[in-house]
Amino acid sequence: MLRPNKPSRPSRFPKKQYFSKKKYCSFCKDRIRFIDYKKSSELGSYILETGKILPARVTGTCAYHQKQLSKAIKQARHMALIKFIESRRG
Ligand SMILES: [Zn+2]
């Protein structure tokens with residue numbers, strides 16, 4: 001049975017590009033053992049505008065620090081140092 005020739009698909013979409021950050025753990029680099037939730041300004045660079053925590057594969061944070069980071073962010077949220085989610089507009 002002859003199949004009609006499928007039109008060739010256009011070239012694949014390029015892989016999702018996250019904003020380029022250096023791919024190494026900045027906490028390891030600075031030799032930080034425990035991430036302080038009170039330093040909300042530092043934590044701010046690891047959360048999105050929507051309040052989501054950036055995954056480790058984006059920031060390059062190691063597993064050890066990513067776990068601490070998420071904990072710290074959650075603590076900071078609880079202490080109202082950073083917001084939970086961006087309030088919807090309209
Ligand atoms: Zn690390």
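The values are calculated or read from the model by the stated rules, or taken from the named source; none is laboratory data. Quick caveat: nothing in here was measured; it's all calculated off a predicted structure. Remember, those area values only see protein heavy atoms, side chains included, never the ligands or the DNA or RNA. Shrake-Rupley method; radii C 1.70, N 1.55, O 1.52, S 1.80 Å.
Would you mind getting the accessible area per residue of the stretch 26-78, heavy atoms of the protein chains only, 1.4 Å probe, in Å²?
64 Å²
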List the residues, sorted by chain then number, that are 5 or more residues from Ile47 or on another chain and whose placed amide H is less than 5 Å from its amide H. Leu54
Hz values of 3J(HN,Hα) by residue in the stretch 73-83 - Karplus curve (6.51, -1.76, 1.60), Gly and Pro given as x: 5, 5, 5, 4, 5, 5, 7, 6, 7, 10, 7
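Which pairs in the list Lys29/Lys52; Lys23/Lys74; Lys39/Lys71 are over 22 Å apart, alpha-carbon to alpha-carbon?
On the way: Lys29/Lys52 24 Å; Lys23/Lys74 24 Å; Lys39/Lys71 13 Å.
Over 22 Å apart, Cα to Cα: Lys29/Lys52; Lys23/Lys74.
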Calculate one ³J(HN,Hα) per residue across the stretch 27-37 by plugging θ = phi - 60° into the Karplus curve 6.51 cos²θ - 1.76 cosθ + 1.60, and present them in order as whole Hz with x for glycine and proline. 6, 5, 4, 8, 6, 8, 8, 10, 7, 8, 6
Counting pairs of alpha carbon atoms under 8 Å apart in space and at least six apart in sequence, what relative contact order in percent does the stretch 26-78 give? 46 percent
